[in-house]
Amino acid sequence: MSLHKDYQNGLAVGNIIFIDEALVPRYPYAYLRLSAPVFGQDDITEPSVKKNSVIISERGCVFLIDKDSVVVSDKPEKYLVLSFNCPPELTLEICSFFALYLKSTFLLWYLLSVSEYINLYKPEVFRRIRIPRLNLKDKQTIALLNKVHDLASNLISQERKFLQSITKGNKSCYTDEELNELITTHNRSIAAKFAAVDHYIYDILHLKEDEIVMITQRVKYAGLYVDDFDNKLIGEEMQEIAYKPNHDGI
């Protein structure tokens, strides 16, 4: 999901990231947010994580980092930072793609199939990650990366705008009941964007409809949320990028 009903969700702006142990990779009723929770601004401390990277928390939560940040957590340094060796002009796109791939329904299904665990922080799980090969010289690949990056930027922007709308400084301006209802509505509004990324990944892998149904059912059976996005709409979006991977890619 984007935001949580029961835990502090942080502020709309800032660079102090707090990783709450209560957060999990995906909830039974919503996706985990893409942006990391921030709780203030620190312009003095040397950043512990640079922009255009991905954080994996001790419980396996994946966050996309789009600015230099200072990370604090319940257990100091109990997190992984992933950075990417890629052409500078594609850094944003590659980072966005891998952050969303690591959060994808396909990868959850794959991990459940090979290990029954989805916590990417655990070495035995992290080692089992398989990444699609991308040909960075192929125009269709670049178009897909741009599309996924646009979705990532939109998700983070929507999360921050929502946080700004429900907070005044550090004090919520709504009752708990009102806030829960607003968060539920917000989470539903962004679910289709996460689902669209899932279907880009299915398209990369050339999965058939019955295979997608099997993946979805397995992840749901594990008690994890999968959005029932309109398949026709997804199909129309997919036609914009008829992705055909070149297996000579990296």
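Which of the numbered conditions does Pro87 fail, given that it passes all the others? Conditions: (1) under 29 Å from Leu163 (Cα atoms); (2) at pLDDT below 95. Evaluating Pro87 over (1) under 29 Å from Leu163 (Cα atoms); (2) at pLDDT below 95 leaves (1) as the failure.
From the list Leu11, Leu82, Leu23, the one residue that fits, being over 23 Å from Lys220 (Cα atoms), touching a strand residue (DSSP E or B) at 6+ places or on another chain (Cβ under 7 Å) and at pLDDT below 90, is Leu11.
Restricting the search to the stretch 209-223, which residues are in contact with a helix residue (DSSP H, G or I) (Cβ under 9 Å, 6 or more places away or on another chain) and charged (D, E, K, R)? Glu209, Glu211, Arg218 - these are the residues of the stretch 209-223 that are in contact with a helix residue (DSSP H, G or I) (Cβ under 9 Å, 6 or more places away or on another chain) and charged (D, E, K, R). Entry remark, the stretch 192-214: residues being under 15 Å from Leu108 (Cβ atoms), hydrophobic (A, V, I, L, M, F, W, C) and under 18 Å from the mean Cα position of the chain (by Cα) number 4 in total.
For the stretch 104-119: of the residues being out of contact with any Leu (no Cβ under 7 Å at 6 or more places or on another chain) and in a loop (DSSP other than H, G, I, E, B), which is surrounded by the fewest Cβ atoms within 10 Å (Cβ to Cβ)? Ranking the qualifying residues of the stretch 104-119, first place goes to Glu116.
Across the stretch 80-100, not a single residue is classified as under 26 Å from His186 (Cβ atoms), part of a helix (DSSP H, G or I) and either of a type in the set (Val, Ile, Thr) or free of Cβ contacts under 8 Å to residues at least 24 places away in the same chain (or both). For Lys122, the conditions (1) surrounded by fewer than 17 Cβ atoms within 10 Å (Cβ to Cβ); (2) at pLDDT below 90; (3) closer than 21 Å to Phe106 by Cα all hold with the exception of (2). Among the residues making up the stretch 108-118, those that are among the hydrophobic types (A, V, I, L, M, F, W, C) and touching a residue at least 40 places away in the same chain (Cβ under 8 Å) are Leu108, Trp109, Leu112, Ile118. Within the stretch 180-221, being polar (S, T, N, Q), exposed (fewer than 14 other Cβ atoms within 10 Å of the Cβ) and closer than 25 Å to His149 by Cα holds for Thr185, Ser189. Out of all the residues in the stretch 38-61, is one or more surrounded by 21 or more Cβ atoms within 10 Å (Cβ to Cβ), at pLDDT 95 or above and either among the aromatic types (Phe, Trp, Tyr) or more than 25 Å from Leu134 (Cβ to Cβ) (or both)? Checking the stretch 38-61: not a single residue is surrounded by 21 or more Cβ atoms within 10 Å (Cβ to Cβ), at pLDDT 95 or above and either among the aromatic types (Phe, Trp, Tyr) or more than 25 Å from Leu134 (Cβ to Cβ) (or both). Leu134 falls short on exactly one of the conditions (1) buried (at least 19 other Cβ atoms within 10 Å of the Cβ); (2) more than 13 Å from Phe97 (Cα to Cα), and that condition is (2).
The values are calculated or read from the model by the stated rules, or taken from the named source; none is laboratory data. If you're wondering where the values come from, they're calculated on a predicted model, not measured in any experiment. Quick reminder, even Gly has a Cβ in these numbers, built from the backbone with ideal geometry, and neighbours come from all protein chains shown.
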